[in-house]
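Colleague: One structure follows; several queries about it will come next.
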Amino acid sequence: MEEFMTASFWVAVAQIIMIDILLGGDNAVVIALACRQLPAHQRTKGIMWGTAGAIILRVILIFFALTLLAIPYLKLVGAVLLIWIGVKLLTPDADDDHSNIQGSDKLWGAVKTVIIADLVMSVDNVIAIAGAAQTSGNPDHQMPLVIFGLLVSIPIIVWGSQLVLKLMDRFPMIITAGGMLLGWIAGTMMQTDPGLVAYLPQEKVWGYAMGLAGALLVLALGKIIMARRPASQEAA
């Protein structure tokens with residue numbers, strides 16, 4: 001029990017919550033769209049059951065992701081994906097990806113839509129959360145970290161999405177910090193790739209250095225892309 005009170009455990013929890021809030025904002029939109037045609041008295045049930053199914057499915061996916069990240073060079077691939085996700089977070093497109101989500105007037109139809117849409121949209125969350133869970137340093141803590149982080153962050157997304165969105169609009173630095181966090185996790189993931197440990201120094205200071213390099217890389221790429229993006233596209 002004492003191991004769960006270590007600083008590294010709670011740092012990883014904080015990372016998971018921040019990642020899921022930043023990358024999971026679309027989940028609230030999906031839930032609203034999927035349940036919009038339900039009768040008023042069934043909407044709460046649709047939200048609750050859809051969210052519960054999405055959480056269970058995501059925990060299963062992250063379990064497999066944690067297992068797969070033990071394969072040589074897959075952490076390297078995951079790190080590259082995280083950098084790309086971080087850059088995308090800093091350079092959002094104006095396109096709306098939710099126009100094809102159909103609502104249902106049947107409770108279980110809406111629940112199914114929520115779960116399937118969350119599955120399709122959860123690839124970035126799964127990779128990022130799996131990487132953040134590994135920063136605890138203890139493999140036995142990884143799944144408790146994932147479950148605890150999701151249980152805290154999903155209600156925030158579902159019931160506090162408007163507040164979260166307003167905070168992000170008012171303080172854009174939150175999104176910048178989130179993108180850099182993904183870069184940090186990417187750098188630390190790369191250091192511990194089973195296929196690279198023989199070639200990279202494993203001291204903590206080098207882990208911090210690689211994490212910082214990943215964070216700065218995401219920030220730099222984001223700024224370069226935004227600088228080169230036509231003004232008309234940014235305005236859209």
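Colleague: Hey, among VAL158, VAL146, VAL164, which residue is on the phi < 0 side of the Ramachandran plot, surrounded by 22 or more Cβ atoms within 10 Å (Cβ to Cβ), under 16 Å from the mean Cα position of the chain (by Cα) and at pLDDT below 85?
Modeller: VAL146
Colleague: GLY178 versus (1) open to solvent by 60 Å² or more (accessible area, probe 1.4 Å); (2) at pLDDT below 85; (3) not polar (S, T, N, Q): which is the lone unmet condition?
Modeller: Unmet for GLY178, out of (1) open to solvent by 60 Å² or more (accessible area, probe 1.4 Å); (2) at pLDDT below 85; (3) not polar (S, T, N, Q): (1).
Colleague: Separate question: For region 165-224, which residues satisfy the criterion of being among the small types (Gly, Ala, Ser) and assigned to a loop (DSSP other than H, G, I, E, B)?
Modeller: Listed by number, the residues that qualify are GLY195, ALA198.
Colleague: Among the residues of region 203-232, which ones are open to solvent by 50 Å² or more (accessible area, probe 1.4 Å) and more than 24 Å from the chain's Cα centre (by Cα)?
Modeller: The answer is GLU203, LYS204, VAL205, TRP206, ALA227, ARG228, PRO230, ALA231, SER232.
Colleague: Moving to a separate point now. Among the residues of region 93-104, is there at least one that is in a helix (DSSP H, G or I) and either at pLDDT 75 or above or more than 22 Å from the chain's Cα centre (by Cα) (or both)?
Modeller: Taking every residue of region 93-104 in turn, none turns out to be in a helix (DSSP H, G or I) and either at pLDDT 75 or above or more than 22 Å from the chain's Cα centre (by Cα) (or both).
The values are calculated or read from the model by the stated rules, or taken from the named source; none is laboratory data. Not measured: the values here are computed from a predicted model. Note that we place each Cβ from the backbone using ideal geometry, even for glycine, and neighbour counts take in every protein chain shown. Remember, those area values only see protein heavy atoms, side chains included, never the ligands or the DNA or RNA. Shrake-Rupley method; radii C 1.70, N 1.55, O 1.52, S 1.80 Å.
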